[in-house]
1. Go through region 180-202 and report how many residues are more than 20 Å from Lys56 (Cβ to Cβ) and either of a type outside the set (A, V, I, L, M) or without any contact (Cβ under 8 Å) to a residue 40 or more places away in the chain (or both).
2. I need a count of the residues in region 176-186 that are touching a helix residue (DSSP H, G or I) at 6+ places or on another chain (Cβ under 7 Å) and within 9 Å of the ligand (Cβ to nearest atom).
3. Pick from Ala179, Ala185, Ala166: which is within 19 Å of the chain's Cα centre (by Cα) and at pLDDT 95 or above?
4. Can you find a residue in region 162-177 that is acidic (Asp, Glu) and either in contact with a Lys or Arg (Cβ under 9 Å, 6 or more places away or on another chain) or assigned to a strand (DSSP E or B) (or both)?
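The values are calculated or read from the model by the stated rules, or taken from the named source; none is laboratory data. Just so we're clear, the structure is a prediction, and the values are computed from it rather than from any experiment. Virtual Cβ from ideal backbone geometry, glycine too; neighbours counted across all protein chains shown.
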Amino acid sequence: MSGNTDKNSSAKSIGILGGTFDPIHCGHLHIAQAVQQQLHCQEIRFIPCKNPLLGKKAIANEQQRLAMLQRALIPYPHFIIDEREIKRSTPSYTIDTLLSLRREFHNIPLALILGSDNLAYLNQWHEWTALIQTAHLVIVPRAGCTVTYNDIIQDLIKKHQTHDPALLLKQSAGLLFVAAVKPLAISSTAIREEIAHGSMPTGLLPSSVLDYIQEQKLYQ
Ligand code: ATP
């Protein structure tokens, strides 16, 4: 699945940012912008999960998480919402999502964007070894996240890491690239906690999203 792309020097890639987006915040937008620029992504697909896996639970419902994404992405024509996980009745396994994108986009490089916190336990994900056979992994640093990678993840990094972003456009999958992104200390958890404590997390998320949160009385 990691074959060469067409001999097309203007080849582009598709960035994929999966998450709960409960709520979407400036950290998500910041990493998507940085990856789009570094990898010349024709688009970044924001893919909200139906139900978070690995013990997490969403507070906002699917419609509310989608409504917040819609508001946040208005200024970014290359950022789109992909509802395939929400529409699927099966669990939101990333490998199923990547395989369905691969069927749709054939040989176009797919770049799965992951915070370094997620890379640390990638080997717990469903069919995790198939992920890098189906897409590139683009790792972005997470502020305050001083993870030590276990032997399995270190081995994955050793086998697949490249420091040359141009290579990610020459094959459709199979590489791991650490993007140069200034870490922003923003998380959905911290935003929800601030709101629950009665303060306004101004500046951590788009004001249109904050307005919606207030209208819907979310996270109080
Ligand atoms: P929560 O606090 O509820 O766990 P979150 O802020 O991590 O949420 P998610 O929607 O779960 O947000 O994240 C989607 C993806 O974006 C994950 O790969 C996560 O690591 C990454 N991500 C989120 N915020 C940041 C950030 N500030 N910097 C780098 N990566 C981030």
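1. 7
2. Residues that pass the stated criteria total 3.
3. Of the residues listed, the single one that is within 19 Å of the chain's Cα centre (by Cα) and at pLDDT 95 or above is Ala179.
4. No: zero hits.
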